[in-house]
């Protein structure tokens, strides 16, 4: 990632598209919802629920690459070392890591990765993004609560770790 790309990401507070944004996964992720829409067309309450779920899916898809800012008071080298310690302790798999950006896979069940964590370090803010990987073709941008739990856990881990050091 170049310095200009990194600057653009930080200004927009949004990650660029990556391997989780391929067309196959996105189209297949909406297919079950569209099938439910066809099945529920004669039942008004079910139709409302499916429509709400479809709008929620689009909302999550639009905002899934947004960055969350966590203030901290360390240099990038120290912060990277601390993030590496957290990753080792929590058994995150390192996908990519340099002085400013780190990408990790967070295990869920049986050590299988379920979420992709992206960490971007700046001078006074640590930016974090947690995205659902999905288990097969057809990736929802949410996983019915586990994404929120995982994101909150990661943020809490990082904040607690930096407060104690």
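So, restricting to strands (runs of 3 or more DSSP E) that lie completely within region 17-131, which ones have at least 3 residues that are in contact (Cβ under 8 Å) with a residue 24 or more places away in the chain and closer than 16 Å to residue 6 by Cα? Walk me through it before giving the result.
On the way: elements: 68-71, 93-97, 101-107, 113-121.
Filter on region 17-131 gives 113-121.
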Taking region 1-16 and keeping residues assigned to a helix (DSSP H, G or I) and either touching a residue at least 12 places away in the same chain (Cβ under 8 Å) or touching a helix residue (DSSP H, G or I) at 6+ places or on another chain (Cβ under 6 Å) (or both) leaves 6, 9, 10
Only one of (1) closer than 25 Å to residue 11 by Cα; (2) crowded, with 19+ Cβ neighbours inside 10 Å does not apply to residue 62, and that is (2)
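Here, each number is a calculation from the coordinates, and none is a lab measurement. Treat the numbers as computed from the prediction; the structure is a model and nothing was measured. Note that each Cβ is placed from the backbone with ideal geometry, even for glycine, and that neighbours are counted across all protein chains shown.
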